[in-house]
Amino acid sequence: MNSNSLQSSKGETCIICDIEKMAGIHLYTSFICVDCEKKMTSTQTSDPKYQYYLEKLRRVKNPPLYS
């Protein structure tokens, strides 16, 4: 097995829940699992959990631009 196979079989760590998951989306260089994505998109702005998600999303870094 090469290193790519090992990495893909392990999954990636979600920036919201910090748990390694197999399925999700990439936002720039960060990974958000399907479960957290669903929770975030269904959370009302008046819910205290909404602020938690905003804080976690601040961890997303823009990829560097090379010219």
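The values are calculated or read from the model by the stated rules, or taken from the named source; none is laboratory data. Since we're looking at a predicted model, the values are computed, not measured. Here the Cβ positions follow ideal geometry from the backbone for every residue, glycine too, while neighbour counts run over all protein chains shown. These accessible areas exclude ligands, DNA and RNA; they are computed on the full protein's heavy atoms, side chains included. Shrake-Rupley method; radii C 1.70, N 1.55, O 1.52, S 1.80 Å.
Data table
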| quantity | calculated |
| --- | --- |
| Near pairs, Cβ below 6 angstrom, 6+ apart or cross-chain, from segment 33-54 (over 13 Å from C17 (Cα atoms)) to any residue that is of a type in the set (S, T, N, Q) | Y50/T43 |
| Residue check, T29 among the polar types (S, T, N, Q) and either in contact (Cβ under 8 Å) with a residue 40 or more places away in the chain or in contact with a strand residue (DSSP E or B) (Cβ under 7 Å, 6 or more places away or on another chain) (or both) | no |
| Whichever residue in segment 41-67 is of a type in the set (D, E, K, R) and open to solvent by 90 Å² or more (accessible area, probe 1.4 Å) and, among such residues, is modelled with the lowest pLDDT | K61 |
| Looking only at segment 28-40, and only at residues there that are of a type in the set (A, V, I, L, M, F, W, C) and either part of a strand (DSSP E or B) or in contact with a Pro (Cβ under 6 Å, 6 or more places away or on another chain) (or both), the one that is surrounded by the fewest Cβ atoms within 10 Å (Cβ to Cβ) | F31 |
